[in-house]
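Chemist: Starting off with a structure, shown below.
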Amino acid sequence: MTYGKILITGASGQIGRVLRAGLRGKYQLLRLLDIAPLGQAEAGEELVQADIRDMAALEEAMEGIECVVHLAGVPVEDVWEKVLPLNIEGCYNTFEAARRKGVKRFIFASSNHAIGFHRRDRFLDDEVMPRPDSRYGVSKIFGEALGRLYADKHGMQVACLRIGSFRGDNQPTAPRHLLTWVSERDMVQLVEKCIDYPHYHFLIAYGVSNNVRNRWDNSNVRFLGYQPQDDAEVYAAEIFASGQQEDPFEAIFHGGMFCPLEFSGDADQID
Ligand code: 15L
């Protein structure tokens with residue numbers, strides 16, 4: 001195993017909890033970091049209660065680590081006063097602490113909201129221009145840019161995962177999820193592939209299940225061997241039977257519900 005000592009930040013969040021359970025026993029060490037309580041340590045786990053705004057604590061947490069999975073931060077659109085310290089400064093601190101401690105690989109939880117203002121009639125690959133739909137989306141583009149910098153400048157191996165709709169109830173519940181849903185086991189599989197693949201420089205992958213309505217192209221990362229098992233379509237009848245219809249404005253764009261937040265622009269100009 002090339003990368004056996006793993007640090008997960010944001011380990012008590014929605015995705016963190018699922019990765020903790022899904023990766024348990026597969027690696028020599030799972031060090032779990034969060035500002036919130038993490039419960040009892042299981043075999044092979046170490047728990048660190050720390051804040052990603054605290055560089056010294058992060059450096060300590062990186063000691064001996066081979067691969068970081070960085071999930072910590074605000075998970076939705078929020079005020080700048082939260083996005084700046086957690087998703088901008090906190091993200092920088094995490095990359096920089098990893099570099100200082102010689103961490104070889106970094107998996108960054110980006111988001112589809114990094115490209116949310118692209119029109120949905122366009123199928124998106126890893127090369128499309130950044131098109132954030134929110135301050136949150138901007139922070140994810142910032143993290144991807146940091147990843148690119150640390151890969152090119154410092155030789156860190158970086159994977160940025162543009163995660164779609166990961167649901168705590170492991171079920172798609174809205175029409176947009178039929179395109180964007182990522183199931184728990186597919187999320188675990190994607191992260192595992194990004195930890196285990198012997199070598200890469202920098203990659204962007206979409207964190208999405210095998211949905212028939214998927215609009216994101218992962219052919220650039222075929223080499224990873226990610227084979228999603230689930231398809232949101234199984235839930236389509238249930239979702240439509242509930243009478244839900246996507247708002248017409250939201251339905252134009254990949255980012256859906258984040259696009260109309262605070263909107264004062266001209267949709268026709270967003271080609
Ligand atoms: C995200 O990035 C968010 O973390 C999550 O809360 C959802 O909004 C998701 O994207 C989505 O696009 O459905």
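Chemist: How far apart, in nm, are two points set 7 Å out from the Cα along the Cα-to-Cβ line at Asp152 and at Glu46?
Modeler: Going from the Asp152 label point to the Glu46 one covers 3.4 nm.
Chemist: Sticking with this structure for a sec: Could you look at the chain and say what percent of its accessible area is carbon and sulfur, using a 1.4 Å probe and all protein chains?
Modeler: Solvent-exposed carbon and sulfur of the chain make up 49 percent of the total.
Chemist: Among the listed pairs Lys5/Lys140; Lys104/Lys140; Lys26/Lys140; Lys26/Lys193, which have their C-alpha atoms separated by more than 23 angstrom in this model?
Modeler: Checking Cα-Cα distances, Lys5/Lys140; Lys26/Lys140 exceed 23 Å.
Chemist: Heavy atoms only, probe 1.4 angstrom, no DNA, RNA or ligands counted: give me Glu144, Glu42, Glu81 ranked by accessible area, highest first.
Modeler: Of Glu144, Glu42, Glu81, the descending order of accessible area is Glu81, Glu42, Glu144.
Chemist: Hey, can you grab everything whose amide H is under 5 Å from the amide H of Val182? Only 5+ residues off in sequence or another chain; H modelled, so Pro and N-termini drop out.
Modeler: Ser165, Phe166, Arg167, Ser209
Chemist: 7 Å from Cα along Cα→Cβ at both Asp169 and Leu261: what's the point-to-point distance in nm?
Modeler: Reported label-point gap for Asp169 and Leu261 is 2.1 nm.
Chemist: For Glu77, what charge total do you get from the other residues with a beta carbon under 14 Å from its beta carbon, if Lys and Arg give +1 and Asp and Glu give -1?
Modeler: Net charge around Glu77: -2.
Chemist: Please list, in chain and number order, the residues 5+ apart from Ile204 or on another chain whose amide H is under 5 Å from its amide H, with Hs placed from the backbone.
Modeler: Amide H to amide H, under 5 Å and 5 or more residues apart or across chains, Ile204 pairs with Cys160.
Chemist: Kindly provide the chymotrypsin sites (Phe, Trp or Tyr not before Pro) of segment 212-271 that DSSP labels as loop, not H, G, I, E or B, and whose Cβ sees at most 13 other Cβ atoms within 10 Å.
Modeler: Phe249, Phe263
Chemist: Let me ask you something else. Near Gly147, within a Cβ-to-Cβ distance under 13 Å, what is the net charge of the other residues, with Lys and Arg +1 and Asp and Glu -1?
Modeler: Taking every Cβ under 13 Å from that of Gly147, the sum is +2.
Chemist: If you don't mind, another one. Pop out the ³J(HN,Hα) list for segment 45-56 in order, Karplus 6.51 cos²θ - 1.76 cosθ + 1.60 with θ = phi - 60°, rounded to Hz; leave Gly and Pro as x.
Modeler: Residue by residue, segment 45-56 yields 10, 10, 10, 10, 8, 8, 10, 6, 7, 9, 4, 4 Hz.
Chemist: Under a 1.4 Å probe, what is the accessible area of segment 5-269 per residue, stated in Å²?
Modeler: 44
Chemist: Measure off 7 Å from each Cα along the Cα-to-Cβ vector at Asp217 and Trp80, then give the distance between these two points in nanometres to one decimal.
Modeler: 3.6
Chemist: Which ³J(HN,Hα) values in Hz, rounded to whole numbers, follow from the phi angles of segment 134-148 under the Karplus curve 6.51 cos²θ - 1.76 cosθ + 1.60, where θ = phi - 60° and Gly and Pro get x?
Modeler: Values, residue by residue: 5, 4, 4, x, 4, 5, 6, 5, 4, x, 5, 5, 4, x, 4 Hz.
Chemist: Can you give me the long-range amide H partners of Ile107? Hydrogens built in the peptide plane at 1.01 Å from N, cutoff under 5 Å, separation of 5 or more residues or another chain.
Modeler: For Ile107, the qualifying residues are Val68, Val69, His70, Ala159.
The values are calculated or read from the model by the stated rules, or taken from the named source; none is laboratory data. Worth saying up front: this structure is predicted, and the values here are computed from it rather than measured. So basically every Cβ, Gly included, is an ideal-geometry build from the backbone, and we count neighbours across all protein chains shown. Protein only, heavy atoms only, side chains kept; ligands, DNA and RNA dropped before computing areas. Shrake-Rupley method; radii C 1.70, N 1.55, O 1.52, S 1.80 Å.
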